[in-house]
Amino acid sequence: MAISWYPGHMHKASKELVKIMRETQAVIEVLDARIPESSCNPLLASIREQLPYIRILNKADLADPDITHAWQKHFDKEANCACLINGRDKPLSKASLVQAAKRLIKKTDGSKFSKVQLVIEGIPNVGKSSLLNQLMDRKVARTGNEPAVTRGQQRVKLDDSWYLIDTPGMLWPKLADQDSAYRLAVTGTIRSTAVQSDDVAWFLAELLLEKYPSRLADRYRLNNTNIKTEELFDLIAKLRGSLRRGGGADINKTAEILLNDFRSGKLGKFSLETPPQ
Ligand SMILES: Nc1nc2c(ncn2[C@@H]2O[C@H](COP(=O)(O)OP(=O)(O)OP(=O)(O)O)[C@@H](O)[C@H]2O)c(=O)[nH]1
Ligand SMILES: [Mg+2]
């Protein structure tokens with residue numbers, strides 16, 4: 001099934017984003033450290049145009065640290081860009097963010113920092129509002145473990161002359177690369193009603209069987225990982241009690257188990273994309 005998810009509220013959010021760019025000094029683009037390439041929304045580059053941008057590799061606690069650092073080096077080479085890392089294990093401080101923003105803004109327009117507005121943007125469910133709360137050191141924005149929680153812009157004062165704007169998560173009209181689209185779905189970016197979770201879990205199971213069989217063996221006590229995807233579903237179902245009456249895996253329940261184990265980090269840290277050499 002082809003994955004595509006661009007509801008009306010995202011189109012509206014992109015228009016609202018365009019409106020605030022003129023009063024914005026720099027953009028904070030939040031990426032998923034597990035899929036930095038697929039989580040990079042091409043619309044955002046065209047909206048921010050020449051503005052400097054800070055890329056934050058978020059949810060780094062769920063990704064392979066060496067690969068995340070390689071991505072950081074890769075993005076740091078882009079003109080007008082600084083790349084920072086954030087995760088539950090090592091939260092980014094307000095001071096580090098402000099320092100990076102000051103350096104970038106100074107380079108591009110020599111601003112006096114009398115009033116600086118930074119806009120936080122990125123794909124849905126990547127952790128934009130959580131980052132806002134973290135930087136503010138209190139809960140100012142609603143967060144949730146599902147895409148499209150934030151529905152409108154929210155502007156807050158970071159300190160005397162610095163403002164932050166949280167924005168709704170946005171995808172783009174056509175997810176041309178379907179492998180990327182599936183990686184977005186696996187990481188929880190696409191609303192569950194817009195995808196078939198058994199399809200997404202199947203994609204994940206095949207990927208894990210091919211590239212990370214030992215993680216599956218550890219988590220699901222497998223003696224042998226030289227098995228077909230269907231057998232993997234059956235073995236998970238047996239272990240976790242998601243069998244159909246009469247035997248065999250309840251595909252939907254088992255798909256949820258596998259996806260939840262992956263998304264929560266219980267299967268380990270995964271980087272599904274590496275930077276180009
Ligand atoms: N493991 C981990 N989870 C995170 C991190 N940051 C955010 N989350 C979780 O990711 C989920 C989404 O967080 P939000 O901050 O609501 O994401 P958002 O980008 O604002 O989402 P939308 O408003 O829907 O676009 C929540 O369950 C957060 O707890 C992180 O660094 N590590
Ligand atoms: Mg949000």
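The values are calculated or read from the model by the stated rules, or taken from the named source; none is laboratory data. Quantities reported herein were computed from a predicted structural model and do not represent experimental measurements. Counting neighbours? That spans all protein chains shown, and the Cβs are built from the backbone with ideal geometry, glycine included. Ligands, DNA and RNA are excluded from the accessible area calculation, which covers all protein heavy atoms including side chains. Shrake-Rupley method; radii C 1.70, N 1.55, O 1.52, S 1.80 Å.
Summary of values
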{"item": "The chain, dipole about Cα centre (Lys/Arg Cβ +1, Asp/Glu Cβ -1), debye to the nearest 20", "result": "940"}
{"item": "Estimated [θ] at 222 nm from DSSP helical runs (n ≥ 4, -39500 (n - 2.57)) normalised by residues in the chain, nearest 500", "result": "-12500 deg cm²/dmol"}
{"item": "Share of carbon and sulfur in the accessible heavy-atom surface of region 88-242 [1.4 Å probe, %]", "result": "43"}
{"item": "Assigned charges on the beta-carbon of Lys, Arg, Asp, Glu; region 196-263 dipole about Cα centre (debye)", "result": "280"}
{"item": "Accessible area per residue in Å² at 1.4 Å probe, computed on the chain", "result": "50"}
{"item": "Proximal lysines to Lys266, defined as alpha-carbon separation beneath 19 angstrom and excluding residues fewer than eight positions away on the same chain", "result": "Lys59, Lys90, Lys211, Lys238, Lys253"}
{"item": "Cα gyration tensor, region 196-263 - rounded (a/c under 1.5), prolate or oblate", "result": "oblate"}
{"item": "Distant-in-sequence amide H partners of Ala63 (H built 1.01 Å from N, under 5 Å)", "result": "Phe270"}
{"item": "Neighbour cut-off at most 11 other Cβ (10 Å), DSSP loop, chymotrypsin sites (Phe, Trp or Tyr not before Pro), region 31-77", "result": "none"}
{"item": "Rounded to 5, percent antiparallel among DSSP beta bridges of the chain", "result": "25"}
{"item": "Within region 17-102, trypsin sites (Lys or Arg not before Pro) in DSSP loop having at most 16 other beta-carbon neighbours inside 10 Å", "result": "Lys77, Arg88"}
{"item": "All Cα pairs of region 8-166, percent lying beyond 24 Å", "result": "27"}
{"item": "Equivalent-ellipsoid semi-axes of the chain, from the Cα gyration tensor, Å, largest first", "result": "37, 19, 16"}
